[in-house]
Amino acid sequence: MNEAPRLEAVTPDNVALACAIKVAPEQEAFVAPVVSSLAEAYASYATAWPRLVYAGDEPVAFVMGGFDPHAEIEFFRCGIWRLNVAAARQGSGYGRFAAEAVLDEGRRRGADRATVLWKPGGHGPEGFYRRLGFEPTGQEFAGQVVGAIALT
Ligand SMILES: CC(C)(COP(=O)(O)OP(=O)(O)OC[C@H]1O[C@@H](n2cnc3c(N)ncnc32)[C@H](O)[C@@H]1OP(=O)(O)O)[C@@H](O)C(=O)NCCC(=O)NCCS
């Protein structure tokens, strides 16, 4: 990692930069564009937790946690909804930092488990999530694998 990352909220000052964060073309099938996630965050303002990862002055990643302890579907109660690391900044630990930030927020809210849903496929994030300790639960949702990790 070149610069120590830090987490920032999405504000009127940085929202355009947030929307400019793009993954590599072959990864686009695996995650929604940031602009769509921010629209969802607006609509789900009570449960969405959108944040930017900065390296110095530059936002290099977008992550969105979802915290809805009363959700009917158990794997929507606490987890990572979205994660987009700018193509040129991948492989430098920013994805791990962003994911850990969501897990820390889950712990802060008293959750004992966090989930993520990923689409299987060659350019997808499965290897990344497994490296972080997520394991498939055996469930599937809308063609996506449900992964979970204990928050100890
Ligand atoms: C998946 C993604 C978030 C990873 O972000 P990143 O910043 O490149 O990952 P990091 O540098 O933090 O990697 C953390 C660890 O995971 C490993 N890793 C990263 N991507 C991996 C992959 N595709 N397969 C296997 N391991 C991977 C790294 O080697 C590193 O391992 P280490 O701890 O031994 O050094 C990023 O590639 C991305 O934005 N992909 C496109 C969008 C996407 O799929 N988002 C997820 C939607 S659910």
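The values are calculated or read from the model by the stated rules, or taken from the named source; none is laboratory data. It should be emphasised that the depicted structure is a prediction, and the values quoted were computed from it without experimental measurement. Note that we place each Cβ from the backbone using ideal geometry, even for glycine, and neighbour counts take in every protein chain shown.
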* To do: Please specify each residue of the range 88-100 satisfying the condition of being buried (at least 20 other Cβ atoms within 10 Å of the Cβ) and in contact (Cβ under 8 Å) with a residue 40 or more places away in the chain.
  => Tyr94, Phe97, Ala98
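Condition check ((1) surrounded by fewer than 16 Cβ atoms within 10 Å (Cβ to Cβ); (2) at pLDDT 95 or above) across all residues:
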| position | (1), (2) |
| --- | --- |
| Asn2 | yes, no |
| Arg6 | yes, yes |
| Asp13 | yes, yes |
| Ala18 | no, yes |
| Ile21 | no, yes |
| Ser36 | yes, yes |
| Tyr42 | yes, yes |
* To do: Considering only residues that are within 16 Å of Cys78 (Cβ to Cβ) and aliphatic (A, V, I, L, M), look in the range 88-109 and name the one that is farthest from the ligand (Cβ to nearest atom).
  => Leu103
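Do you know which of the residues in the range 69-87 that are surrounded by fewer than 16 Cβ atoms within 10 Å (Cβ to Cβ) and over 21 Å from Glu3 (Cα atoms) is farthest from the ligand (Cβ to nearest atom)?
Let us first name the residues in the range 69-87 that are surrounded by fewer than 16 Cβ atoms within 10 Å (Cβ to Cβ), namely 69-74, 87.
Going one step further and asking which of them are over 21 Å from Glu3 (Cα atoms), we end up with 69-74.
On the way: Pro69: 21, His70: 23, Ala71: 18, Glu72: 21, Ile73: 17, Glu74: 18 Å.
Going through the qualifying residues, I end up with His70.
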* **Subset of the range 87-109 that is out of contact with any Pro (no Cβ under 8 Å at 6 or more places or on another chain) and part of a loop (DSSP other than H, G, I, E, B) - its residue that is nearest to Ala41 (Cα to Cα)** => Gln90
* Scan of the range 11-63 for residues that are more than 14 Å from Asn84 (Cα to Cα), part of a loop (DSSP other than H, G, I, E, B) and touching a helix residue (DSSP H, G or I) at 6+ places or on another chain (Cβ under 8 Å), ordered by number -> none
* To do: Could you grab me the full set of residues in the range 115-139 that are in contact (Cβ under 8 Å) with a residue 40 or more places away in the chain, within 9 Å of the ligand (Cβ to nearest atom) and part of a strand (DSSP E or B)?
  => Leu117, Trp118
